[in-house]
Structures are given as structure tokens and as C-alpha cells.
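I have placed the structure first, in the form of C-alpha cells, so that the comments after it can refer back to it.
The values are calculated or read from the model by the stated rules, or taken from the named source; none is laboratory data. Keep in mind the model is a prediction, meaning the values are calculated, not measured. So basically every Cβ, Gly included, is an ideal-geometry build from the backbone, and we count neighbours across all protein chains shown. Heads up: the accessible areas ignore ligands, DNA and RNA and are worked out on the full protein's heavy atoms, side chains in. Shrake-Rupley method; radii C 1.70, N 1.55, O 1.52, S 1.80 Å.
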2 protein chains.
Amino acid sequence: MNAPVRKTTRLLMLLILMLAPLPDLLAEDGYRMWLRYVKVASQEKLSDYRDQIRYVVAEGDSPTLLAARDELERGLSGLLDRTPPFRDSVAASGGVLIGTPESSDGIASLDFEGRLRQIGDEGYLIEEREVDGETLLVIAANEEIGVLYGVFHLLRLIQTEQPLHGIEVLSAPRVELRMANHWDNLNRLVERGYAGLSLWEWGTLPEYRHPRYTDYARFSASIGINGVAINNVNADPRILTDSFLERVQVLADIFRPYGLSIFLSVNFDSPRRIGGLDSADPLDEEVRAWWKEQADNIYSYIPDFGGFLVKADSEGQPGPHGYNRTHADGANMLAEALEPHGGIVVWRAFVYNPEQSDRFREAYDEFVPLDGQFAENAILQVKNGPIDFQPREPFSPLFGALEETSTMMEFQVTQEYFGFNLHLAYQGTLFEEVLQSDTYARGEGATVGRVLAGEIFEYEMTGMAGVINPGTDRNWTGHPFVQSSWYAFGRLAWDYTLTAEEIAEEWIRMTFTNDETFVRPIRELMMESREAGVNYRSPLGLTHLYAQGHHYGPAPWWNGGSRPDWNPYYYHKADEAGIGFDRTATGSNAVEQYHPEVAEIFADPDRIPDDYLLWFHRVGWDHPMQSGRTLWDELVHKYSEGVEAVRRMQQTWNSMEGVIDQERFEHVKALLEIQERDAVRWRDTCLAYFQSFSGMPYPEGYEEPEHDLEHYMMLWRTTYVPDPWYN
Amino acid sequence: MNAPVRKTTRLLMLLILMLAPLPDLLAEDGYRMWLRYVKVASQEKLSDYRDQIRYVVAEGDSPTLLAARDELERGLSGLLDRTPPFRDSVAASGGVLIGTPESSDGIASLDFEGRLRQIGDEGYLIEEREVDGETLLVIAANEEIGVLYGVFHLLRLIQTEQPLHGIEVLSAPRVELRMANHWDNLNRLVERGYAGLSLWEWGTLPEYRHPRYTDYARFSASIGINGVAINNVNADPRILTDSFLERVQVLADIFRPYGLSIFLSVNFDSPRRIGGLDSADPLDEEVRAWWKEQADNIYSYIPDFGGFLVKADSEGQPGPHGYNRTHADGANMLAEALEPHGGIVVWRAFVYNPEQSDRFREAYDEFVPLDGQFAENAILQVKNGPIDFQPREPFSPLFGALEETSTMMEFQVTQEYFGFNLHLAYQGTLFEEVLQSDTYARGEGATVGRVLAGEIFEYEMTGMAGVINPGTDRNWTGHPFVQSSWYAFGRLAWDYTLTAEEIAEEWIRMTFTNDETFVRPIRELMMESREAGVNYRSPLGLTHLYAQGHHYGPAPWWNGGSRPDWNPYYYHKADEAGIGFDRTATGSNAVEQYHPEVAEIFADPDRIPDDYLLWFHRVGWDHPMQSGRTLWDELVHKYSEGVEAVRRMQQTWNSMEGVIDQERFEHVKALLEIQERDAVRWRDTCLAYFQSFSGMPYPEGYEEPEHDLEHYMMLWRTTYVPDPWYN
């Protein structure tokens, strides 16, 4: 061997040695979520991508364009295992050109035949096309944020190993406001969070800019989220003080390049609590002036502040009712304060009081009479179902009922009712089920999704919110699969016509691997996971069987809460004669709140799908179900099916050892063990309880509870509730 | 260029590209603390180490030996940037041979001339010597845990770039029990923690073994910690239930190979709270039997369980006084239950009640009369000072007073009174100050350290405990420099004769860099950091000027607490006539609790060091200090000096940009900004308050408070307290 070879070889050996510790350092702890950017595994595709992306042209140096460049650099250097250089202009085929007509001469020189006009401020197009005779991948948008979204789209295509040849993508969001809601208290405990403390480290802000703030913005932008309410809707008035606004300002500055605008949850009583006023009456001039001052002050810190999120007259929160005013009065006062600055009010419709005979009815009864009375810059945020994020609810009758009030969705990503950070329950299927439900507003085909997108009524504003749970847990969400629901929420907020299944597949490929031996079975596992959760908790239209407050284990017997609608008994009303809540004309008649085509089906015990039966009907234990079984037998069947589904999930997962990294494999494996244990406990607890009324035997071939009811009542009384916020 | 060269070069280029993202992945987020194991920077030393460590011989496959092998592999592959192979036997010079005479034939064949007999079960020796004619580095110990400790020692030498040629180390711990105390509640909030939630994820245990549990054990073993009380001394009785013991067992299993045994803090009232008894009287036979059952049960899960840590009759905790029994009665009941299993009771001496005229006196008055009454397997855990982990206290007079009661130290690493996770305050100097204090028990030279080591009285057991704060924060401790106090505690528990300065230097080199431009100034910064904290909070023997409860900001005016000794006024007693607590014969006479040589000095206002003056004396505002200044002027001087010291720290730190990683640089820089702001507020608040009594002008040349006292009183009332546990 001659000298230069020997020297090169030694250098090579040295480099190989330097690489040795790499696997250890690259611990798959979940921090990178769906933006892992690991090298493309298929050699063929890798070399294809490398050929198509030899360099990047990204003119402009605004913060958003720099964020887009940074992300491209980070993503490509991981995925392609090489960092394509940034060049000033188009030089050869095999490059990526990104920008807006304003920022980039290259983009300006192209004729998009009006396509840019179709995609608004946030949309983008991605095309392979000739530029100066060279074949390039072009990401173009009207505004820079569209460019960033397009960059994430391109990276997603590579992450999921899609071909880029002849690509033609035109994408724009179907709703305007795509918003994350954090239920983070200022003491950093997160209500219903289960993933550590709040991301926002108030003690070190504004001085310290924790690196995770930027990563949070990256993840948000990667799925098109453009708004974030950073604090709990059970709001601490201190958030409006300068001391906190100085801190919030830093977050806003970090989020801005990523198109993410900040909203604050405000306490309706703030004028009294921190303003020194003796009223919070929304028609009081002093109160109105106070809120204007607050708005002015906030905008002096954050010129592009999004607005307020408000929970009023709900679960003990103050609101306009305290002054005999309506929700519209309350919302409009805040809207008026924000309006000069372009801010909006997101007003929650989650209201109920213990006097009402049926909590189901309340939001509708409260808000439909106010339709048309809300300011143009106010939007009503309605939970997907009439009660509260239960494993399955019929869609809220407010969707399709408000013709003149902008109405947005509130989904819950955090698993308040789905086993916290311990159970696997992909919520994409729940979101899809709701978005595809037909409200029949103005006739057939008026799905909830279309209502939200303003396709049925002409809303001033459109939006979707997701109550997400990220916290200081290294993997952001506690259970690694809660990431998938966060991802699905963002993707569906962008485009409600996507399916839960395609989103699941995307997520799996980005988060774990493109290995088909993993993708297909885990996609199936995810697709059945939410139904499993429904079945082992509250099948057939049962709901809210949780012990008061903590929402983890079952306590169907509990009837001693401080208000009836916080008790499971209120919802199931089981006795020897039967079970279920009569919401037909013979009962609370909540069913009348739906459009006739829906109401008719829900009102008919023979036509209503089994899944919703006990939501609307009180029936005997021997009521014949669509399967031909009696209600009791079907209940046993469904609860058992829930447990069996979890066992199938376990089996599937456990067969994946070695296909993915050991770290996440072990984590999910352990969590599925916990889930199986809990599912059995739910099943046995609920069946032992309901059997004490039905008095009917277990049908053949099903596992029976090992213990008597008393055992399960004691078990859940002493079970550890893993929630610092609750404890 | 010929073909092989070209090919090699291409491969080389590829490898270089693969390396590109490395710096990003290797984010210096502090997780690895002082076990970073980055490549030795000095080329000369690196090649020396590589020559000396070409392979490793480590016979045996017990869990502890495997842990030692793993650590060597991890450490060397990082430090030397190559992984020396493990071989079965000595083959050539330039190897490391580790083991015990029992596990290793190589070790057994060597003659250590009795040196192994000197180092007990946990000690080790490291020597360069000839084995079968080859020169090797030998790590030998009597027990395997000694081998592991020796491995950490060897790695530390390389981390700090010490020469290994001719090395001869003989090391054994000077106290037996070196214990971490966690004040972690079962809901995972950490009392006085400030670094996220509890490390122990009770919700996913016992199924999920979080990788950080092993890392925690590694860090502990690396500094010789051999016991850990995992739960808060304000103890939740549920820790004794099977449901929790199943979880604790998993931690014990993970910790065992690292020589770390588990202790539980128990609630004295457990027999009543969870045992169904109606008494917790330590002389009640049923109660005694109940505790024996609990001990038997615990040992069925954890055969090497360490024992109980008990806070009784203190700050509202139940204890033997409720049954008119003594602390010895209480401790001995638990000792009796643990004794058959080899467990011990660590009984805290931190007791005081509001009736006592001087809280300072209480622990001594309570425990000295009980000297000799404690069981052999009980040990008294005494806080370093008579009050409560204040920035500076005189050493507790209990050290040196208990001739027949095993007595151990309780230090606090977590910064309850030192600015939480926001201020930099290396506690090594505080620990050293206490350990080097001369008690004069049985004459001169009876330092606290020697008392603890059993060198003055013949204690059955010896020990030191540190209340540490690690939590789920990525860097374990919140402020990166709290790591240094944790490290110092462990090192001093192993060997109280080490100096704070040499420990600081070790820690800096391991945690940041061996670059001298960093090491020297940052060591100086650390060495003055605790004194700075004393000065801007409570100089000259002032103490406990905190607002009740949160212990973050000053509230020297506060006098409305639920008991007098929770009020700052109780401690400073400032009025127009003067300031300070008279603990001489004309006052509470607490000074009599010290041996005469100490008492004489403390009792004399002219001989007592200024640092302790107001601890023992009430003096006028114009009292002449050793500097020649009046007390008032000296107070202004000291408070100002505290602020100036922080500013010097800032200046020093900010000059280090580029010398270390940007991530930790920015973090500490931001925290020092916060600390400077807080230091100014402390100074101005306290001086404005004390001036309202002294009525004296600020001496020339000092910054005066910008605002009046009222401003500061309001400021601290509305200041955010960054502590989820407190909020």
C-alpha cells in the first residue's frame, strides 16, 4: 500500500471508530416525534432522492424563510445523509427551489397559471418543473408561511418514501384557525396532561429561551397548527399582568416565524381579581374600558396576538350570567376590545349547570337562541360531543344548528377519558367519525367537517381546536402513541377529508419505520385501538362511568358527588328494570336538537346503531340488539371484546421486537401490559356492577369476573391515580 | 489517483458527511452530568491513555461486575474514542485488569501486601504493576462494589486528564452510609425540588423500567452513594402497601448492582392510617407487631432493603410524643422490627415546637438526654445547623454532644434557601465549612467530619445524608450547577478531608472541559458563589428572612405566620435599638450547648466572627465590627458585596462564550441574569427594611435602593414563585 492510501485508511479507521458510540447517543427516546429524519432505508429511493435534491435555492432572509431553510437543511441532512448546499440561483437539474413570488426571482419567473390564487395565504404548491431548462422541485406559495408548510410536506414525502417524480401538489387548509389548546396552569401543573409539567418554564422566562420552545413550534408548523392557547381555560387572572406578558412575549417571538400565534385563556372575573374593579359586568363601561386597556397592553408586547380563549359560566368559572347577561354579551365585550388589533374571541360552548334536567341539552339550549348575536370576530368553540370527550359520543347537535355564528370544533388529544399516558388509543378514528357525521343541516351531506369548513353556512371564521397534552416528558406526550393523535388532529384540521387510516400510516412511517412488516400491523392496531377503549369502558352508548374527578378507573356505583351530573349513575341509571338515559320524547327529548333525519334514527330504538343505544334509550336487560343478542349478553360481549382487542394489540406489538428500536419497543410493551390489566379491571368491574341489576348469567364462553363487586369497589378506591394535578 | 485511493476517498467523504449532523445530535443538554465521557482533548494524553489501555480483563459475570464492565466500555469508548476489547486473560502490557481475589484469578495471583485488608468492603486500590511480566493497570477490591467504585475512579482520572503512570491509589469511604434523601411525594411533586417531577414514575411502575433509573444508579455509584431514601420524609403511609412495594422492588432490582440500597420514609402514624389499628403507640404490642409484619413484608420484596427514614414529631408529623413516649421509644420500635433483617432506622433530629423559647436549642435539648438509649441499629440524622439549611449556620451543637448515639449528617443539596433552580450556589464550600468546624469534643481537633467518621466517639454506625433534588428536568437538577453540589456531597461523604476547591475543579473538568481558560475562572466563580448568596440574603448571622412557606424572596417584615418560629421577625428581632437574637446567658443561652472552647468564642461579641454575630448577639446599629465599620455600614457593605459578587460571576461566565457548548452557556447566562436581578431585590428589600429601624444613612459609594420599602413589599407579594409543589 502506498503512503497516501495508508494515511487515508488510517483516517478512515479513525472515523469508523468515531462513529462507534453513535447508536448509543442516538437514543430513540421519542423527543423527535414525527420529525425524526433518519436516513432513507431503501437504497434505491435514497439515490433517487439524492439525484433529485443536489442543491437548494432559497432566496430571502426573513425569519420564516430562514426557518424553512433550517428545516430543509436539518431534514435533508438526516434523510439523505448529506447536506445539499444552498445556492443563489438555479444552476442545474436536481435542485429544490423554494419561495414566494415576492421573495424569489426564480419563483416570480414561473407561471403558475392562477394556481397560487387558489391557495390563499397559507397554501402551497409543490411541482416538478422546468426552470431555465433545468428540472427542479419547486415549492411556491403566496406567503412565506406557505413555503414553510410546503417544506414540511416535501420532507414528509421523503420520510414516508413517496416518489417525487412528476409531483404535483396543491394544498391549502380547509379551516382558517387550527389551534392547540394547552390546559397548563401557571404553577406548571397541567390539567389532564399526564406528560410532565408544562412546557412553559415561567420561572426562567423571559431570560431563558429553552430550546424546546423552538422544537414545539416546529412540530406545530409541521402539521399546520397556526394558533396556540398556552394556558388553562380554567384561567389564572395573573396571565394578563405585565410580569407574565413579558414572558409570553418571548414565546410569541419564538413562535412567530413558524406561523404560530399566541392566544391567552382569560378569566372572566379578571377586572375584579386583578383590575381593582368591583364588577366584571360586560355591559359596564368601566369593565369594557378595562378590557380595552388589557388588549392594548397585550398588543404592545405581541403585535400579532391571536386573541382570547374563554371558559365562562362553566364548572364554577365566572361569566356573564353572574350579571344576568348572555354569553353573547360576554363574548362581544372581549371582541370589541380585540377588534381594533385584529384579535378574536374563542368562546367555549362547554357550559352546563346542575339544575338542568339533562346536561346533554344544555349547550344547544343556551347558544341556539343567541345565534346571530355574536360579534364578527367571535367564534364559538364546541366540543365534539354533547357531554365531555367521552370515548364515544354522538356529535354535538350544535354542529349544523348555528347558521349565523362562526362555530369551531374542540377535540381532545390528551387522554383524559382514555387511560391517561398508560393506554394506547389513537384518536384519529374518533375525529374522523365526528367529522364525517352528517348533520343534515340544509339537507344530506352536511357533514360536521363541511359545517366547520364553512361550506354549509357562511361563517366569518372557521376553525378547529385540539386540547393537546405535551409536557416536559422527554417524548412530549407520555404515551408514545398520544403523539399520533396530536399528529392526526393537526392533519385533519388542515384537511378534514383525510382518513384516519392514511394519517396513521403517515405517522407510523415518520415516527418509526417504513418497514412494511411494521407499518401494516401497527396501522391495524391503531385503527382498532379507540374502539377497544370504548368497549372495555363504556360500550353501547354507556358513558362517564368514571370515579368523580380523576377519570381513570371505573366507579359506576358512585352517586355521592357534589352535583348529580358528576356521577356515573346520572348517565347510566341502571336498576333491575333496565339501563340507559331516555332522551326521546318520553324523556329529556334531547334528540329533538338534531335535524329530523338524524333525530328520527336516534329516536328509534330499532334503527339507532347499537353504539349509541344507551345514549338515547332506556331499555330492559333483555332488549334485543342488532346482533340478535340480548342487551345483557351484548354488554358482556362488548366488554370482553374490548379486553380481547387489547390482547391482540399486545400480541401484535410484542411480535415487533427487533423491527424497531428497543427503547420505544420496551416502553410500549410495558404500557400495553398495564392497559391489559386495566381493561380486565374495567370489564370485570362494570360487568359485576351491572349484573347486580340484570341478575342475568354470563353467556357461555366469556371470561367471568374473578372477584365479587365489593372487591372491585375496593380495588378502585385504593388504585393509584397517576396524575400530579389531580393529587 | 489510483482506483483504491479514489474508492477510499469516496468512502471517507461519505463518512465525513455522516458525521455532519453529529454535533446537533450530541446536544449538551446536561443529561450526562459529570459522566460525559467526551474524547480526551489533549492529543498527547489521549495517545498515552490509549497506549496504557489497549484491552481489559474483567473476569466474572455478577451484575455488579457487569455494571463495572459496561461502565468501562461506555467510558473508554467515549474518552479514548475507541473501545478496548475485553479479553479473558492478561496477554500483553497496556491492559486494565479489574476484579476481586474471588472473581478473578489474575487479581488472586497478585500480592497486595495486606493493603486489601485496609479498605473494607467498599474500598479499592488502583495500581500500575507487573502481572506475568506485563505492565497493567489493576483495579482490585475485596467486594465487587469496590471494583465498580474503582472503575469510576479510573474514569474520573482520565476525564480530568490525570497521568496514570505509576499510579497508586488506595481508597475507602470514611463513613459507612452515604445516603441520598429524596423529598418526593407519591403524586410525583417534589418538596423543595425545582427540577421537574419525581424521577420515580409510579404510574408506569412496576411494568416499565425507565432508562433513567439505571442512569440514576450510575451517577450515584460514581460518587460513592450507597443508600437512597426515595420518598419524602413528610411521608405518605401508602408507600408501605403492596401496591407500592411491588413498584419499589423494581427500583431496588435496578439499583442493586450499583451498590445502592433503598430506604423508605415512613409515617409514624401508619398503623392507624393504613393498618386499621387505633394507636401508633411505640410501646403497644399490637403496634410493634404491626411494624414487624411490615418489615417482614418489605424484605420479602427487597431482601437487601436498607431501612426506614423517619421524621417524627416535627412540623406536624405524628410521632411518639403523641403517646407520651420519647424519640428513643419510637426509633427503637422500628429498629426492633428491622433488626432481624439487618435493616436500620435513620431517625431525624430536626424537631422543634412553637412553645420553645428558642428553636435553636430544641434538637439538643430533646436528644442529648436520650443519649445512649437508642438501639444499635438506629442512627440519628442531624441537619448541619441548628435551624434549617440556611445559607450560613453555625454547626449544630449536637455534633460532638452525643457520645453513645450514632450520629449522621443531613446536608441539603437542593436549593431551598438558595434561589431554587435559578441561582448559582456551589454548596461544596458550605459542606466543607461545617465538616471542618471544630466541636472540641474531647479536646481540640474534633472536627464535625471526624465526629461523623466515628473518630471521636465509637459509633456503631456512621453516615452522611444529602437532600438532593433531581427530577425529570432533562439535566436532572434544573440549574446546571446544582449538579456540582450533588457531586460535592457524594465526594465528601466518601472522604470528608477533600476540599471544596479540588472537588469543584474535578466537577468542572468532567462536566465541561479541561480547558484551563475555563477551569480556573469557573472554579473561582464557584468558590465565591455560596458566600455571594449569604451576603445578598442574610449576612452577619442574619437568618431566615424568607416569606413564609415559599422560601424564595425576602419578607423580613413578615410576622403573621401561624407560629412565631416561621416568621422572619422571630430570627432578626430588628427594632430601633438594634438587631439580632441573644443566645448568650442573658438570652436563650443556646450557646451553652457547645463545648466550652466554642461557647466562649460564640458568647463574646468581640471575639465571635462577624459571620455569626447576629446568630448569637443582639447589638446596636452602631456596634463596631471587625472591619472597623458600624454594624449598619457593614450590613450595607455585605449586601452590596453579594450583588457585586453576582455581577463578577456574570462577567466571568459571559466571557466564556465559545469555550464551551452554546447550549449550556446560554442557559447559565440567562440564569445569572435572573440571579443578578434577584440579588439586587434582596439587597434593596432588606436594606430598605432594616434602615426603617436603624434610621442611618447609606455610607458613601454604595448603590442605594431605587424604591421605598412599600415598593419592595408589594414586589415580593406579586412575584411569581416557580415551584409547582408550593403553588
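Kirkwood analysis of the range A:616-691, using all unique Cα-Cα pairs, places the hydrodynamic radius at 14.3 Å. Shape summary: the range A:311-445 maps onto an equivalent ellipsoid whose semi-axes, from the alpha-carbon gyration tensor, are 26, 18, 16 Å in decreasing order.
Relative intensity of the range B:160-218 on a log10 scale, I(q)/I(0) at q = 0.15, 0.17, 0.20, 0.26 Å⁻¹, equals -0.70, -0.78, -0.89, -1.17, per a Debye sum over C-alpha point scatterers of equal strength in the absence of solvent.
Ligands, DNA and RNA left out, the 1.4 Å accessible surface of the range B:603-722 is 46% carbon and sulfur atoms. A Stokes-Einstein calculation at 37 °C with viscosity 0.692 mPa s, built on the Kirkwood radius of the range B:663-727 over Cα pairs, returns a diffusion coefficient of 237 µm²/s. Each part reduced to its alpha carbon centroid, the range A:413-476 and the range B:421-495 end up 54 Å apart. Residues of the range B:202-223 that bury at least 30 Å² of accessible area once all protein chains are present, compared with their chain alone (1.4 Å probe, heavy atoms only, ligands and nucleic acids left out), are B:203, B:204, B:207, B:208. For chain A, dividing the convex hull volume of the Cα atoms by the residue count gives 177 Å³ per residue. Go through the range A:695-727 and flag every residue whose accessible area shrinks by 30 Å² or more with all protein chains in place compared to the isolated chain (probe 1.4 Å). Residues shielded by partner chains are A:720, A:724, A:727.
Beta-bridge orientation, chain A: approximately 30 percent antiparallel, per DSSP, counting only bridges with both partners inside. Just so you know, the Rg over Rh for the range A:67-136 is 0.97, from Cα atoms, with Rh as the Kirkwood radius.
Helix-only arithmetic for chain B: the sum of -39500 (n - 2.57) across DSSP H runs with n ≥ 4, divided by the residue total, places the mean residue ellipticity at 222 nm at -12000 deg cm²/dmol.
Cross-link partners for residue B:638 among the lysines, with Cα-Cα distance under 29 Å and sequence neighbours closer than 8 places in the same chain left out: B:383, B:573, B:669. Buried surface between chains B and A: roughly 4700 Å² of accessible area, summed over both sides, computed with a 1.4 Å probe on protein heavy atoms only.
Distance between the pseudo-spin-label points of residue A:273 and residue A:91 (7 Å out from Cα toward the beta carbon): 5.9 nm.
Calculated from the alpha-carbon coordinates, the range A:112-167 shows an Rg and a Dmax of 11.5, 30 Å respectively. Summing Cβ point charges (Lys, Arg +1; Asp, Glu -1) relative to the Cα centre of the range A:178-264 gives a dipole of roughly 260 debye.
In terms of its C-alpha gyration tensor, the range B:560-644 has an oblate overall shape, because the principal axis ratio a/c (a ≥ b ≥ c, square roots of the eigenvalues) is not below 1.5 and a/b does not outweigh b/c. Give me the net charge of residue A:593's neighbourhood, meaning all other residues with Cβ under 12 Å from the Cβ of residue A:593; Lys, Arg count +1, Asp, Glu -1. Local net charge: -3. Roughly speaking, to the nearest percent, how much of the range B:111-248's 1.4 Å accessible area is carbon and sulfur? In the range B:111-248, the share of accessible area belonging to carbon and sulfur is 41 percent. Contact residues in the range A:163-196 (at least 40 Å² less accessible area with all protein chains than alone, 1.4 Å probe): A:187. Taking all Cα-Cα distances within the range A:586-727, those exceeding 28 Å account for 40%. Semi-axes of the equivalent ellipsoid of the range B:232-297 are 25, 12, 11 Å, computed as sqrt(5λ) over the eigenvalues of the C-alpha gyration tensor in descending order. Taking 7 Å steps out from each Cα toward its Cβ at residue B:655 and residue B:710 produces label points 4.4 nm apart.
A dipole drawn for the protein assembly as shown from +1 and -1 charges on Cβ atoms has a positive end, and of B:208, B:146, B:485 the residue lying farthest that way is B:146. Here the protein assembly as shown is assigned +1 on the Cβ of each Lys and Arg and -1 on the Cβ of each Asp and Glu. Its dipole about the Cα centre then comes out at about 2300 debye. Counting only Cβ charges, +1 for Lys and Arg and -1 for Asp and Glu, the dipole size of chain B around its Cα centre is about 2220 debye.
Per-atom-type breakdown for the range A:301-366 gives carbon and sulfur 43% of the accessible area (1.4 Å probe, protein chains only).
Of interest is the spacing of the C-alpha centroids, which for the range B:510-541 and the range B:30-69 amounts to 29 Å.
Out of all DSSP beta bridges in the protein assembly as shown, what portion is antiparallel? Express it as a percent rounded to 5. Among the beta bridges of the protein assembly as shown, antiparallel pairing accounts for roughly 30 percent. Projected onto planes of every orientation and averaged, the convex hull of the alpha-carbon atoms in the protein assembly as shown covers 58.4 nm².
Within the full protein context, the accessible area of residue B:610 is estimated at about 20 Å² for a probe radius of 1.4 Å. Surface exposure of the protein assembly as shown, expressed per residue as accessible area with a 1.4 Å probe, stands at 34 Å². Taking amide H as placed 1.01 Å from N in the peptide plane, the amide H of residue A:437 sits under 5 Å from that of A:448, A:449, each at least 5 places away or on another chain.
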